[in-house]
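One structure is given below, encoded as structure tokens.
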Amino acid sequence: MHADAFGQRQFAVRSAAHGPNAGLQKKDPRVSNKEPAVEFDPAVPPTCMFPGQGAYLEETFLEYADRWPQIGRTFQEIDNGTVDLGAAAISPILLDGSPPSLDQLLADDPDTLQLALFGTAVAAYRIMISKELRPHSLTGHSLGEIAALVAGGVFTTGQGARIVHIRSQCLEMAAESGGMLAVRAQASRAQALVDAINIEGLVVAVENGPRQTVLAGPAEALTLAESIARDIGVTAVRISSPYPFHSPLLEAAAASFGKRLRHELASTAGCLRTPVYSPIMQRFYTDDDDFAEILADHLVLPVRFTSALQYLGTAGVRTFIECGARDALTGIVRKTLPTVSASPTFIRGSRRSTSATSVVAAPVA
């Protein structure tokens, strides 16, 4: 039964839902329909992308930190911003010459990992800007939206770090509530699997591209989904995620996060200097946004990254630069928009590593 169900410029920015998957799920009332008045020049420069979970490399701190002082400065600002929250300094952990691996951080220190992901993304963007890159827009994937908002001018690096730290603290109440499963299928097919299983809390959490969708939910539901997918020849792999991000299982954590952010952001939000597009909210942010509410809602709303890329491509963007470690988002762009250019910043291996200079020179020249 499950198998049968599963098998079968001038550019004014619009805030309405868009893209081929816009009708896949019922629109959440928290996704605003406000329409910001943004116009882009016909000669569209690159969009910078900020990755989330998994975008960590030891090489960032072993090979790149000596060459690019922006990395050390960024992590010092993170430490300064979170010290009064009781957070341990992460610069000594990451920049002492023997940074922990991704697996070590996932198992032993997920809070440091979240700040490492955030800091790497912000530092990479600063390196891009130092080479006179002036992006068309910014976009983030999940946690990466916080880094994008820092780059866009809404928060300082220290404020962004505080938000990430508070987020981690609030998520602790959801420990062992569930996990995530990557399915090699388009979003509509993954949704059919979710509908067929019909277990409360199991949802399509992330639309990553034409052939990759991520589910989030209780462990038993993910086990069943993985089994059914494999029975019909669809690859399904568990993700090393400490929480079922972008699912209703995080409602309590989101409520706590929103309450704490309401106090934290009472007088700290700045103004956008560069447009920031949210794949979660399916629109550009505005200066009038309630950032405490939106960032809390991020924990329970789906990431529609495929639609975001398609929307930006329609806006005329032809070059995407991934500001962070690894090249996961670069790969998604290449599969979703095969006619555009996409480049990473920090990737593993000296032969594959792309210096900040060469990454910027190609699209800007």
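Readers should treat all values here as calculations from the given coordinates under stated rules, not as data from a laboratory. Bear in mind that the values here come from a model prediction, so they are computed numbers and not experimental data. Counting neighbours? That spans all protein chains shown, and the Cβs are built from the backbone with ideal geometry, glycine included.
Extents of the stretch 209-295, taken as max minus min of Cα coordinates on every principal axis and listed largest first, are 53, 29, 17 Å. Hydrodynamic analysis of the stretch 94-238 uses the Kirkwood radius over alpha carbon pairs. Inserted into Stokes-Einstein at 4 °C and 1.567 mPa s, it gives a translational diffusion coefficient of 74 µm²/s. If you find the alpha carbon centre of the stretch 230-260 and of the stretch 81-108, how far apart are they in angstrom? Their Cα centres are 24 Å away from one another.
Based on Cα atoms of the stretch 186-231, Rg over Rh with Rh as the Kirkwood radius reads 0.92. Straightening the chain between Asp287 and Ala175 buys 37.0 nm, computed as 0.36 nm per residue apart minus the Cα-Cα spacing.
Taking packing as the residue-averaged number of other Cβ atoms within 10 angstrom, the listed peptides 113-125, 219-231, 133-145 run from highest to lowest as 113-125, 133-145, 219-231.
Computed over the stretch 122-224, relative contact order equals 21 percent, with contacts defined as Cα pairs under 8 Å that lie 6+ residues apart. What's the long-distance tail for the stretch 65-118, i.e. % of Cα pairs beyond 16 Å? That fraction is 39 percent.
Checking every one of the chymotrypsin sites (Phe, Trp or Tyr not before Pro) in the stretch 237-325 against DSSP loop status and a limit of 10 other Cβ atoms within 10 Å picks out no site at all. Put a plus charge on the Cβ of each Lys and Arg, a minus charge on the Cβ of each Asp and Glu, and nothing anywhere else: the dipole of the stretch 207-357 about its Cα centre is then about 800 debye.
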